[in-house]
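This report refers to the structure that appears directly beneath it.
The values are calculated or read from the model by the stated rules, or taken from the named source; none is laboratory data. Being a predicted model, the structure only gives us computed values, none of them experimental. Reconstructed Cβ throughout: ideal geometry from the backbone, glycine too, with neighbour counts over all protein chains shown.
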Amino acid sequence: MELSKNFDHQTADSKWYQHWLDKQYFKSVPDGREPYTVVIPPPNVTGILHMGHCLNNTIQDVLVRRARMQGKNACWVPGTDHASIATEAKVVQMLRERGIAKSSLSRDEFLSYAWEWKEKYGGIILEQLKKLGCSLDWDRVNFTMDADYSQSVMDVFVDLYKKGLIYRGKRMINWDPKAKTALSDEEVIMRETNSKLYHLKYELVNEDGSPLGETITIATVRPETILGDSAVAVNPNDVRYQHLKGKKAVVPLINRHIPVIFDEYVETDFGTGALKVTPAHDKNDDMLGQKHGLEVIDIMNDDATFSEDAQLYIGMDRFDVRKQIVIDLEAKGYLVKTEDYTNQVGYSERSDAVVEPRLSMQWWVKMEPLATPALKVVMDGEINFHPAKFKNLYQHWMTNIKDWCISRQLWWGHRIPAWYDADGNFYVAANEADAYAQYYAAKGIDAAAQHNNELSQDEDCLDTWFSSWLWPFEVFDGLRHPGNEEVKYYYPTNTLVTAPEIIFFWVARMIMAGLEYEKVIPFKDVYFTGIVRDEQGRKMSKSLGNSPDLLKMIEEYGADAVRFGILISSPAGNDLLFDVKELATVKQGSFFINKIWNAMKLVKMWEGRQSETASETPHFAVSWFENRLAEAATEIDGLMAQFRLSEALKALYTLIWDDFCSWYLEWVKPGFEQPIDKGVYNKTVAFFSQLMTLLHPFLPFATEEVYHQLANRTDDITVKQWTKFEAADTSVLEKAAVLKQVITAIREARAKNQLKPKDSITLHITTENEVLYNDIADILSKQVNADGINFTQEAVAKTIAIAVEKDKFYIESQVELDTTAQRESLQKDLDHQKGFLNTVMKKLSNEKFVANAKPEVVAIEQKKQADAEARIKAIEESLASLG
């Protein structure tokens, strides 16, 4: 069969992925092998494949494929997250396009539309992961709102409530007025914002309301919230305000009289030293309000329009109120001055709306009892973070943890399992029947008098993360069927690959849940990927339009090239710059794959040109590459064990492109119309196959195709076991290093002196190691087109003279030589070597250095001196020989 000019990814990708599926290579069932388990960070059911997914899932696939080839029972569990806020927004948008308002629907009607949307779009991203080559066990797809999974979420809620770890209370929360739901602190993105600082004066009055004849000035970035003020606070040690004890301030525009309170919380040297206190709309103000028993006045509706309690601007949006109230305050003489001000403003991670602090009745999880053991397992090294720097970040958050607000004012999600009676009492139960049983028992109602219509379920849903924190064990049904065969075999999982921005949302909480319910850590290693950024350093996002179309890239360049492009530039935990316009690393991956393809075509050309028998004398190139392969495989194993995947890929790239293609194949290539030694050919195919095995986890499609093209195979590389390599013979590697160095130097010298490759030369060598050059003479002669190699102790006249380390080489040619360029090059090298020697001599002449340095360090410097002196002597002799 005639091979295509380049690797045909469009044919190979689909062919091999279907073949792997047909063979059920990705399917895992418990057996006697060592398990290697990875659970996918479940992408939002709303998601489509983007660069972050590409990086994260490629890394997981590399780890899983490698484990499979190491003989482990690799199990990579796929699934999606129901993503309450994001999905509800998508469904509302779909309804709006159909002319339907969410408010016109009942909860059940809305949920029927939501499930319709999920069934139509929810599996798209999983299908796209197949395009990327991900070797997931597709028989294990989980969804966080599957019936069994949902029941486990209910059971956990009830269990934690019974343990006193879940409670209901009115506390300050982050309110998203666009999504109309509470958010946890981790769902709020703080951004530096250019704002205005407004200085406002409040009239002061006596206890009986009579004017005091003076004012007090406060500064605020949110003047609209003065309508909810309950006090003005000053420091008790501030001499400016001590006379105000028992006095009151008058809220501008609405003339509400509020107390002047004294609290050391107020900083005397910040602003005017006086603070407005609005307990319903600021976390710190809420703290002061509780301490001093202040009135709580909520001036906003759910959508951040002003409520009737605000008295003014009713129904107006908060930001429109800000503009108008500044005008009104200035008109009535309350605005003292306005300043430019930079502050941190919270934005909703989901809707990008400015978050509003708000007092609200919500459900909470007490975090400290769960966080303490979850912190210990990381700090004690039971769970390892890669890179380790994230351990400190984790420790800081866990030691300063706050209770988790888990209720969301949404319909799509796990409905909170609490039922209320007419008196406002609630009953937490895993299902309605259990709730009624509690209710009737509490009321002392006889079973015959039961009506089953007295209770109503909580309208809120649980935070999405409250279900996904169960993921590592619940995908194996660990909670509903404790100790079942699968959870015993696959849990704890091995490696979690995730982004550092969800270390608190998800990683920490999975550790808590795993310890609470399985009594053991959920995973042993956590690999944190970096953020994919464009060439300007901006995080890739749809809103910026700076993210490439990943599927289009895969279509154009192939999955392997895209995987290469994202992995080659992604050291663990560090952000990576991805060239969106040029796609440089993706194109580099494509070139690399075609380099491999063309190397394979070259080897296939030799298939019918083999000698009848194999030579008994081993070919130096074969001995060298056998050792080089062993050396590289050991290095790659070490890098992979440290989760340095990008560096492992770079090592493979160098091994294949440079060592195998550029050197080894050239060294063993037969002459024109000459046969290749049968033994050398067989070794070459074996080496090529081993290289494809090492590379397969990174570039699965091309390696499988090349593996099968090299020879008639009945096995597949995707399940082929690693070759165990012996330790490398360093003496052979050192010989090859000299050979490459000499070939390069002679080729450069030929080129500089305009000696064409077809012009043969005679090579004269001055060396103390003739045995070395005899071992490599055949390859050296062929690579530099030398018709003879002689050894000499004298300079050879009328030749091109070069020095490589301590050895000298005289290139003799029948072509008349112009040695000008060679003399200039040697002189440049001589100047460099003299400068280097001078630096070494300064260090060795320093008595303090020699006296204090370790003997082995001094010995290294002395060797540098000897080597530099030898090179200088060789270069000077070479220059002398040129005249």
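Observations on the structure shown:
- Which numbered condition residue 389 misses (of (1) surrounded by fewer than 16 Cβ atoms within 10 Å (Cβ to Cβ); (2) under 30 Å from residue 202 (Cα atoms); (3) not polar (S, T, N, Q)): (2)
- Check on residue 320, in contact with a Gly (Cβ under 8 Å, 6 or more places away or on another chain) and under 23 Å from residue 103 (Cβ atoms): no
- Residue in segment 567-590 that is closer than 30 Å to residue 668 by Cβ, touching an Asp or Glu at 6+ places or on another chain (Cβ under 7 Å) and either among the β-branched types (Val, Ile, Thr) or in a helix (DSSP H, G or I) (or both) present: yes
- Candidate set: segment 562-610, residues that are small (Gly, Ala, Ser) and under 29 Å from the mean Cα position of the chain (by Cα); chosen: the one surrounded by the fewest Cβ atoms within 10 Å (Cβ to Cβ): 584
- Of everything in segment 204-230 that is more than 20 Å from residue 322 (Cα to Cα) and in contact with a Gly (Cβ under 9 Å, 6 or more places away or on another chain), the residue that is surrounded by the most Cβ atoms within 10 Å (Cβ to Cβ) is 204.
- For segment 156-177, a tally of residues being of a type outside the set (S, T, N, Q), over 30 Å from residue 477 (Cβ atoms) and either in the same structural domain as residue 301 (by TED's automatic domain parsing) or surrounded by 21 or more Cβ atoms within 10 Å (Cβ to Cβ) (or both) returns 5.
- Take the conditions (1) under 54 Å from the mean Cα position of the chain (by Cα); (2) at pLDDT 90 or above; residue 755 misses just one of them, which is (2).
- Breaking point among (1) at pLDDT below 85; (2) closer than 22 Å to residue 699 by Cα, for residue 592: (1)
- Test: residue in segment 336-349 that is assigned to a loop (DSSP other than H, G, I, E, B), exposed (fewer than 13 other Cβ atoms within 10 Å of the Cβ) and acidic (Asp, Glu): no
- Entry remark, segment 1-42: residues being outside any helix (DSSP H, G or I) and among the hydrophobic types (A, V, I, L, M, F, W, C) number 8 in total.
- Which listed residue, of 139, 176, 185, 155, is touching a strand residue (DSSP E or B) at 6+ places or on another chain (Cβ under 6 Å) and charged (D, E, K, R): 176
- Top-ranked residue in segment 790-849 [being in a helix (DSSP H, G or I) and among the aliphatic types (A, V, I, L, M); ranked as nearest to residue 880 (Cα to Cα)]: 826
- Count of residues meeting criterion [surrounded by fewer than 18 Cβ atoms within 10 Å (Cβ to Cβ) and either touching a Leu at 6+ places or on another chain (Cβ under 8 Å) or not β-branched (Val, Ile, Thr) (or both)] in segment 302-315: 8
- Taking residues in segment 121-145 that are within 15 Å of residue 38 (Cβ to Cβ), and partners anywhere that are part of a helix (DSSP H, G or I) and charged (D, E, K, R), the pairs with Cβ atoms closer than 6 Å and at least 6 places apart or on different chains are 134/61; 135/61; 135/65.
Conditions tested, residue by residue: (1) under 38 Å from the mean Cα position of the chain (by Cα); (2) surrounded by fewer than 19 Cβ atoms within 10 Å (Cβ to Cβ).
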| site | (1), (2) |
| --- | --- |
| 656 | yes, no |
| 665 | yes, no |
| 674 | no, yes |
| 691 | yes, no |
| 707 | yes, no |
| 713 | yes, yes |
| 722 | yes, yes |
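- Residue match in segment 817-825 (condition: in contact with a helix residue (DSSP H, G or I) (Cβ under 6 Å, 6 or more places away or on another chain), aliphatic (A, V, I, L, M) and surrounded by fewer than 17 Cβ atoms within 10 Å (Cβ to Cβ)): yes
- Taking the criterion of being more than 29 Å from residue 661 (Cα to Cα) and either among the aromatic types (Phe, Trp, Tyr) or modelled with pLDDT of 85 or more (or both), the residues of segment 546-575 that qualify are 548, 549, 550, 551, 552.
- Hits in segment 772-802 (condition: farther than 20 Å from residue 814 by Cα and surrounded by 19 or more Cβ atoms within 10 Å (Cβ to Cβ)): 773, 776, 779
- Selection count, segment 833-883, where residues are of a type in the set (A, V, I, L, M, F, W, C), in contact (Cβ under 8 Å) with a residue 24 or more places away in the chain and surrounded by 12 or more Cβ atoms within 10 Å (Cβ to Cβ): 11
- Here is the figure for segment 540-561: residues that are over 21 Å from residue 11 (Cα atoms) and loosely packed, with under 15 Cβ neighbours inside 10 Å total 5.
- Which listed residue is out of contact with any His (no Cβ under 9 Å at 6 or more places or on another chain), within 30 Å of residue 102 (Cα to Cα) and hydrophobic (A, V, I, L, M, F, W, C), from 374, 418: 418
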